[in-house]
Amino acid sequence: MASTWEKPRRFVSAQNNGISAVFEQQMPATEPAQPRSRSESEDCCDSQTRARPDDEGAGFSRRAPGAKSSASGSCPSGWMLKSSLRSFFDVRVVDARKEARCIYCGKRYPERESTGNMAKHVRALHPAAWSAKNAGVSKRQEAGAPRTAPPKHPAQSLQVSGWIRGQREHNAGVFHTATLAAEQFLPLSFVQSVSWTRLSDSSALRPSVKSTATLVQKLGLFSQHMNETLASNLENSQFANILVKTWTAPHGEALFAVMVSFAPNIWSDPALEAANDPRILFNNSGAAQNTHLLDFSSFGAKMPNGEYLCEVLISLLHRYNLAGKVSTITMDSAVRNGSLFTSLVFDHFGASNPFAHRLFGRVRYIRCAAHVLDLQFERIAAVLLKYAVFSKPYRKIQRFAESTRSSPRLSACLREQNIPPMPAESLCQWTSAWSQLSAFLANFRAYRTLCEQLLENGHQDLAREIQENIEVDKRALELFKYFVGVFELFNDMSMKLRQDDFNHLANGVPIFYLLDHFYKICAKASNGSRISKSRAGFDFSCINGSSDLQAEDREVVFDAIKLADATHQEYMCYFRANSLYYVAFLLDPAAKEDAMYKMMSAEEAAGKMLDARLFIEAFLKESGEADKHHGPTAIEKPFSLRLAPSLHFDLNDLSTDENPHGDTNHSGNVEAGENSHVREWITYLRASKPPLRTKDEAIKWWYAHRQNYPQLFKLAISLFYTKLSTHDLEMCFSLPGRVMRRNGTGHKTFKTLVLLRDRFSKFGFFDQAPESPDGVTDHFDDLMESEALVSDGTDHLELDYDEEIYHDNITDEDAIEDEENSARID
């Protein structure tokens, strides 16, 4: 059936001309910035050919990385070089000509424009700034103080445009009004309230936004400039990872969101050298996390098909000049995502053959690991919820978990006894069942003690309510203990994928192969083998069960595991066919070849080493830089080691049966027959492994050794920024229904706020959110918690899996052969 959806329009940047009237307000009487020094101004002359990490404006050209400047050999004129108006305008070079942009409203003046006209503009539209400037000059002249240049902004990995900095420094009242509205998703009419007017009048910042229409205009202007800022930072990136997710709300609204994850400055050699610090590869907070929301859309009552979503995605990629930079797409395996991927990679990129697509053999499909885990756990839960011994007492625990949050009286009792509330049931994560049962078992005795105290104090009704829900027979209690012990691995992995330090492509190998070992051990236990205790890592001896566990109950659990194993083997087929997972793992300096042989059989490891070599050989051959860089060894800078847990494991240390896993030691050189295209790869593999434990340390190691492995360096850093899970996107879908219903705002306004909130947060304009106990930090957490207090409990969102999973209709052998062929780039 032909789609009735209207094709998205190609993005056209809005012009700033004619929008100066938006900023008709009184400016704060604060000291404006002084003009830049002569040396800084002269740097504008060659800003198109030389990158500077502390550039305040000229570095934000629209020129693609590596493109040659169209400027002539002569330097532009000295227009505005020593003008007294210099502090009011951001001067940059555009197409070899200077252009001055007002830092307050963005109005542009071409080179050689009369400074008299520019002065009239400032006096008429920004009188407070003009008065403050003249007052400051008079005071300095009276005191005989020399004019000094303002201090330079500290170098940051993610640069902010001069216009945004100007607004933050010289128009702080309006700027913070916009950040307040975006941070808390406030109804935009709040600026018309009497309280806001009084607060504004009494504030030193004196924000003059007092109408909804004005606030809408300013939010749109900030959104435009922050989007341009993100696009400018993307110019120095390459091999970007795109995250895609679709959701359908219970009330039927179809939502679509896209994020980009990229390594900052990875494609700017001048910036890397000038920084002389690995922090140039981190975000502005110093963390190896750099995801940005690109789009958040609503399609109304019906989710479009994959072909239409592909058109939307392509339009979005062109808007941010990302079409030639996309190397991987992380999303779940819903049917429409499969057709989206097919349309994008084979129909669109197959014809245009962009840069990253060509170097990677093709854009790679990274199936969301959290989704894969949840699918397997869903199969397990489906079997157990049909088993009365498990399902009946579990339903009681579910009711108790709900009452611990909905009953103020019970919540107060639990707080008084320092008993944590039970985790809420999640409609989009089946592992929430494990979390509830784990919390129940951990606090089971505390619940009983509370009941006794309530009976002693005369609160029989509340004690009876608790007792009815927590009393389970011994058989069910043993089954719950067995369930929690056996499936702890799923919860642990699910929680790790929520942490930035673990949610990257290099951890795909340890996650999937540890799961593979788990299913093999369960199969042996089901056949009567006794499982030994592990020497290190996960201990699977709990699969044996206690003597109080009924044999029938144990067999039901094994039946559930067999069903989940079928799903796991399906995804292992896809995983083994994608050599990029193994490349990412081997490019972790703390892993390399030895770690791979410890996680799988020697035969499989040797095959995967060959697959990785084929990919690297094609990559280096296509890049054409493999044998151009063999400089002296770089001096490695010292850095502290944080002893964080690692997902790496050794099969010989894990639980096994009496016939342990075969020899995983390897011998011989699987890299025999080296050539110029893999010399850098082989040199890297033969180097000794550093004692690294975290992603941050691995990135620092690569920065220190970038001269040794110049091509692998860029690939490795980019893969550390490639996500295994789309958890970052899930947070975006937690609020729209409640926020729009509470505020009475439309989706267009909400989209502006959510995108602007993401920009302000990711570029460091909000204070960093406190870290939660499990190590997960997210700037939506505080809003989710506050919204939960007013929620009616009916606005949950569910993952839209289409009730089907995307299948490639290929066998394991065909998939591997296709992967090897795609790696050989002619």
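Here are a few things to note about the model shown:
- In the stretch 600-614, residue farthest from Y582 (Cα to Cα) [restricted to those that are part of a helix (DSSP H, G or I) and of a type outside the set (A, V, I, L, M)]: E603
- Evaluation of I419 against (1) touching a residue at least 60 places away in the same chain (Cβ under 8 Å); (2) farther than 22 Å from I561 by Cβ; (3) of a type in the set (V, I, T) (one fails), failing number: (1)
- Among the residues of the stretch 468-502, the ones that are farther than 30 Å from G537 by Cα and surrounded by fewer than 17 Cβ atoms within 10 Å (Cβ to Cβ) come to 4 in all.
- F558 vs. criteria free of Cβ contacts under 8 Å to residues at least 40 places away in the same chain, among the hydrophobic types (A, V, I, L, M, F, W, C) and assigned to a helix (DSSP H, G or I): yes
- Within the stretch 156-175, being more than 14 Å from L221 (Cα to Cα) and surrounded by fewer than 17 Cβ atoms within 10 Å (Cβ to Cβ) holds for one residue alone: E169.
- Looking only at the stretch 164-207, and only at residues there that are among the aromatic types (F, W, Y) and under 31 Å from the mean Cα position of the chain (by Cα), the one that is nearest to Y104 (Cα to Cα): F175
- Selected residue [charged (D, E, K, R) and not in a helix (DSSP H, G or I)] from K533, K524: K533
- Listed conditions (1) polar (S, T, N, Q); (2) more than 27 Å from the chain's Cα centre (by Cα); (3) at pLDDT 90 or above are all met by N675, apart from (3).
- Checking A388, A323 one by one, the residue that is in the same structural domain as L450 (by TED's automatic domain parsing) and among the hydrophobic types (A, V, I, L, M, F, W, C) is A388 and no other.
- Which listed residue, of T722, T726, T749, is over 19 Å from W247 (Cα atoms), at pLDDT 75 or above and in contact with a strand residue (DSSP E or B) (Cβ under 9 Å, 6 or more places away or on another chain): T722
- Filtered residues of the stretch 178-226 (kept if touching a Leu at 6+ places or on another chain (Cβ under 7 Å), free of Cβ contacts under 8 Å to residues at least 60 places away in the same chain and either surrounded by fewer than 16 Cβ atoms within 10 Å (Cβ to Cβ) or of a type in the set (S, T, Y) (or both)): L180, T212
- Selected residue (only one of A525, A566 is surrounded by fewer than 20 Cβ atoms within 10 Å (Cβ to Cβ), out of contact with any Lys or Arg (no Cβ under 7 Å at 6 or more places or on another chain) and hydrophobic (A, V, I, L, M, F, W, C)): A566
- Contacts under 6 angstrom Cβ, first residue in the stretch 516-527 being touching a residue at least 12 places away in the same chain (Cβ under 8 Å), partner in a helix (DSSP H, G or I) and among the charged types (D, E, K, R), 6 or more apart: Y519/D565
- Here the stretch 342-362 is the region considered, the condition is being buried (at least 20 other Cβ atoms within 10 Å of the Cβ), within 23 Å of the chain's Cα centre (by Cα) and without any contact (Cβ under 8 Å) to a residue 60 or more places away in the chain, and the residue that is farthest from L373 (Cα to Cα) is H357.
- Here is the figure for the stretch 536-551: residues that are touching a residue at least 24 places away in the same chain (Cβ under 8 Å), assigned to a helix (DSSP H, G or I) and under 20 Å from F390 (Cβ atoms) total 2.
- Considering the stretch 453-497, the residues that are modelled with pLDDT of 90 or more and part of a loop (DSSP other than H, G, I, E, B) include one that is nearest to F390 (Cα to Cα), namely D473.
- Residue count for the stretch 251-276 satisfying the condition of being within 17 Å of R706 (Cβ to Cβ) and in contact (Cβ under 8 Å) with a residue 40 or more places away in the chain: 11.
- Looking only at residues of the stretch 693-705 that are within 25 Å of the chain's Cα centre (by Cα) and not in a helix (DSSP H, G or I), we find that the one that is modelled with the lowest pLDDT is R693.
- The set of residues in the stretch 405-440 being part of a helix (DSSP H, G or I) and under 18 Å from L385 (Cβ atoms) consists of S432, A433, W434, S435, Q436, L437, S438, F440.
- Scanning the stretch 479-537 for residues that are farther than 23 Å from A698 by Cα and charged (D, E, K, R) gives K481, E488, D516, K520, K524, R530, K533, R535.
- Selection within the stretch 250-267 - of a type outside the set (V, I, T), in a loop (DSSP other than H, G, I, E, B) and under 22 Å from the mean Cα position of the chain (by Cα): F262, A263, P264, N265, W267
- The number of residues in the stretch 218-249 being at pLDDT below 95, among the aromatic types (F, W, Y) and either within 18 Å of the chain's Cα centre (by Cα) or in a strand (DSSP E or B) (or both) comes to 1.
The values are calculated or read from the model by the stated rules, or taken from the named source; none is laboratory data. Here the structure is a predicted model, which means the values were calculated and not measured. Please note: Cβ atoms are built from the backbone with ideal geometry, for glycine as well, and neighbour counts cover all protein chains shown.
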